[in-house]
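Student: What follows is a structure written as structure tokens; I'll ask about it next.
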Amino acid sequence: MPRIERTASVSWEGNVARGTGLASGDTGSFSELPFSLPSRLNAESGKTSPEELLAAAHGGCLAMSIASELTQAGSPPERLDVKVRIVMDEVAGKGHLIVGSEVDVDARVPGFDEARFDALVRSADEGCPFSHLIRATASVTVRARLNAT
């Protein structure tokens, strides 16, 4: 795979408690996504958070990695549904840190063997750059279910 570089821009106005930020992808795929401290602490309607963006990035990377493994095995998936929960918590002496990424995968791959599927998911997780990045300081848990019908 060639080297990949992507850029996003963020602006912030105000103090941390009452300020707001906007995040935009330089490709134009997303523009001025609002975020704030309240959106980090609660599920504030209409605003995102850095943790939610990380969850989406990890899920997207892992979905592509699983699809690649299945395709190389001769059985591209009909559908992959991936849900990721990023957990940030206070760590004694270190402040707030990302401590985990919990991934649930539902895969529809007709006629595929479950044991082989589990091995391919492990391989996909090992090959996912975002899993590597998160594992540098946190845990990654991947639970995958196969619907082979």
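Student: For region 53-66, state whether one or more residues are more than 17 Å from the chain's Cα centre (by Cα) and within 25 Å of H96 (Cα to Cα).
Tutor: No, region 53-66 contains no residue that is more than 17 Å from the chain's Cα centre (by Cα) and within 25 Å of H96 (Cα to Cα).
Student: Could you count how many residues in region 108-149 are in contact (Cβ under 8 Å) with a residue 24 or more places away in the chain, part of a helix (DSSP H, G or I) and of a type outside the set (K, R)?
Tutor: Counting residues in region 108-149 that are in contact (Cβ under 8 Å) with a residue 24 or more places away in the chain, part of a helix (DSSP H, G or I) and of a type outside the set (K, R) gives 13.
Student: Here's a follow-up. What residue, of D113, D125, is of a type in the set (D, E, K, R) and under 21 Å from E51 (Cα atoms)?
Tutor: D125
Student: Sticking with this structure for a sec: So, in region 88-134, of the ones that are hydroxyl-bearing (S, T, Y) and either at pLDDT below 95 or touching a strand residue (DSSP E or B) at 6+ places or on another chain (Cβ under 6 Å) (or both), which residue ends up surrounded by the fewest Cβ atoms within 10 Å (Cβ to Cβ)?
Tutor: The extreme case among them is S131.
Student: Filter region 77-87 for residues that are surrounded by 12 or more Cβ atoms within 10 Å (Cβ to Cβ) and part of a loop (DSSP other than H, G, I, E, B) and give the result.
Tutor: Across region 77-87, the qualifying residue is only P77.
Student: Would it be correct to say that F112 is aromatic (F, W, Y) and over 25 Å from E5 (Cα atoms)?
Tutor: So F112 passes the test.
Student: Next question, about the same structure. Please name all residue pairs, on different chains or six or more residues apart, with Cβ atoms under 6 Å, provided the first residue is in region 64-82 and is among the hydroxyl-bearing types (S, T, Y) and the second residue is at pLDDT 95 or above.
Tutor: Partner pairs satisfying both residue conditions: S65/A124; S65/G127; S65/C128; S75/V109.
Student: Could you grab me the full set of residues in region 2-15 that are surrounded by 10 or more Cβ atoms within 10 Å (Cβ to Cβ) and not in a strand (DSSP E or B)?
Tutor: Within region 2-15, G14 is the sole residue that qualifies.
Student: A further question on this structure: Report yes if some residue within region 94-107 is farther than 24 Å from A136 by Cα, in contact (Cβ under 8 Å) with a residue 40 or more places away in the chain and either in the same structural domain as L133 (by TED's automatic domain parsing) or of a type in the set (G, A, S) (or both); otherwise report no.
Tutor: yes
The values are calculated or read from the model by the stated rules, or taken from the named source; none is laboratory data. From a predicted model like this one, the values you see are computed outputs, not experimental measurements. Positions of Cβ are backbone-derived with ideal geometry, glycine not excepted, and every protein chain shown enters the neighbour counts.
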